[in-house]
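Working notes, beginning with the structure itself.
All of the numbers you see were taken from the coordinates with simple rules; none came from a lab. Remember, predicted model here, so these are calculated numbers, not experimental data. Every residue, glycine among them, receives a Cβ derived from its backbone with ideal geometry; neighbour counts consider all protein chains shown.
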Amino acid sequence: MIVGILTTVIGSLILTGLIALFNSRQLYLIVPKLFFDTPLSTPSAKGNVVQLTFYNAGLRPELDVKAVLKATCDYTLIASSKSTLSYTSKTISLPRLARFESITVILLVEGKIFEHSDIESIESRDDVGKVIEKKEQASTPLQHVIALPLVLIFLLVPFGLGTYFGKEMQFSIVDFLYSEFDSLGSSSILVSNFKTEISKLEGYPEGELLKAMKSGSVNTKIARIVKKRESLELDLLITNNSQGFISVDVTGKNSAGDGAGLTLTDRFISDLLVLPGKQEKRTLKFYFPDSPEQKLVMLDYRVGDGKSSVTYSEKLDLESLTGLR
């Protein structure tokens, strides 16, 4: 019982640490190079060229990035590696800096030799950055992930014991972690042992395509079902082992309707071309709250080969599925 409680606490700490790790932000401004000899300025103006590099070492994009320069020099923007970069009133601005993205800007500085202290600040909407001399000084979240396998090895046995002894108080560390991920909208549960009901194949007119589908050389199959917080994802495989191409349309219907940002386009496939001897995979997404009144998904198919078409339906009764909680 004590082991179960301890491993539950350890599990929650690990989960919190991982979430904090992947939400961490690492914004840097790198000042690696100064060029003192430039034809862009006169000797009396003490002109020098400086290269600045914006670097996002975090796992989240940085928005509204701004580097403010001190008014001790006059600055002129010469070039940059990003068209969206702008410079006004001693401020270099970027609307967005993607994760692990580096953007370089070249400035002409006049009035004095440029120093690191001439950078007043580097910040974004959600982070205050640092000024460094080289990229190797930047700390990335991935460096901390190196220690994760060792942590898991040392905690694997206590986790197993915690789940085993936790039965005394009907508590499991695995269930706890599932519930924590689910509360953050990050949980995904693989559904197993599902069954579907396919209607009669109707050919218009009856021809080689209908024969190919009845023999199985042309077929559709739900390969995997994954339940997420408020959605259900169906991986659909379309196989064409016939001699000609086929086009496939699929329309999905669900008893829960639309929600969670999902609409008809998420459960619809239009004019998918599958070449002979090829297989295509598509994912359909359905709104699936925790307690829908009726757990039912219907797929309507139309398969054509340019000469004829075959229509049929496939019903998925989610009440009978295992894996849903």
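Here is how the numbers come out for the structure above:
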{"quantity": "Neighbour-count order for L237, L232, L210, fewest beta carbons within 10 angstrom listed first", "calculated": "L237, L210, L232"}
{"quantity": "Net lengthening on full extension, S121/Q137 (0.36 nm per residue, minus Cα-Cα)", "calculated": "4.0 nm"}
{"quantity": "Using a Förster distance of 35 Å, the FRET efficiency for V68-L264 (Cβ separation, nearest 0.05)", "calculated": "0.15"}
{"quantity": "Cα-projected label distance for Q51 with T251, points at 7 Å along beta-carbon direction, nm", "calculated": "5.9"}
{"quantity": "Net charge over other residues, Cβ less than 15 angstrom from the Cβ of N241 (K, R count +1; D, E count -1)", "calculated": "+1"}
{"quantity": "Spatial extent of segment 27-138: Rg and Dmax, with the Cα atoms as the point set, Å", "calculated": "13.6, 45"}
{"quantity": "Karplus-derived HN-Hα couplings along segment 86-98 (A = 6.51, B = -1.76, C = 1.60, θ = phi - 60°), whole Hz, x at Gly and Pro", "calculated": "9, 9, 8, 6, 6, 10, 9, 10, 10, x, 7, 10, 5"}
{"quantity": "Charge tally in the Cβ shell below 13 Å around K112, where Lys, Arg are +1 and Asp, Glu are -1, K112 excluded", "calculated": "-2"}
{"quantity": "For segment 27-138, share of DSSP beta bridges that run antiparallel, in % to the nearest 5", "calculated": "90"}
{"quantity": "Which of D317, D271, D127 has the fewest Cβ neighbours within 10 Å, and the rest in rising order", "calculated": "D271, D317, D127"}
{"quantity": "Cβ-derived FRET efficiency at R0 45 Å, K33 paired with D235, nearest 0.05", "calculated": "0.35"}
{"quantity": "Residue order, fewest to most surrounding Cβ atoms within 10 angstrom, among F35, F286", "calculated": "F35, F286"}
{"quantity": "Rh (Kirkwood; distinct C-alpha pairs) - segment 35-100, Å", "calculated": "13.6"}
{"quantity": "Added length on full extension, which subtracts the Cα-Cα distance from 0.36 nm per residue, L77 to E197", "calculated": "36.6 nm"}
{"quantity": "Calculated over segment 189-320: convex hull of Cα atoms, volume per residue (Å³)", "calculated": "100"}
{"quantity": "Length released on extending from K315 to R60, taking residue separation times 0.36 nm less the Cα-Cα span", "calculated": "87.8 nm"}
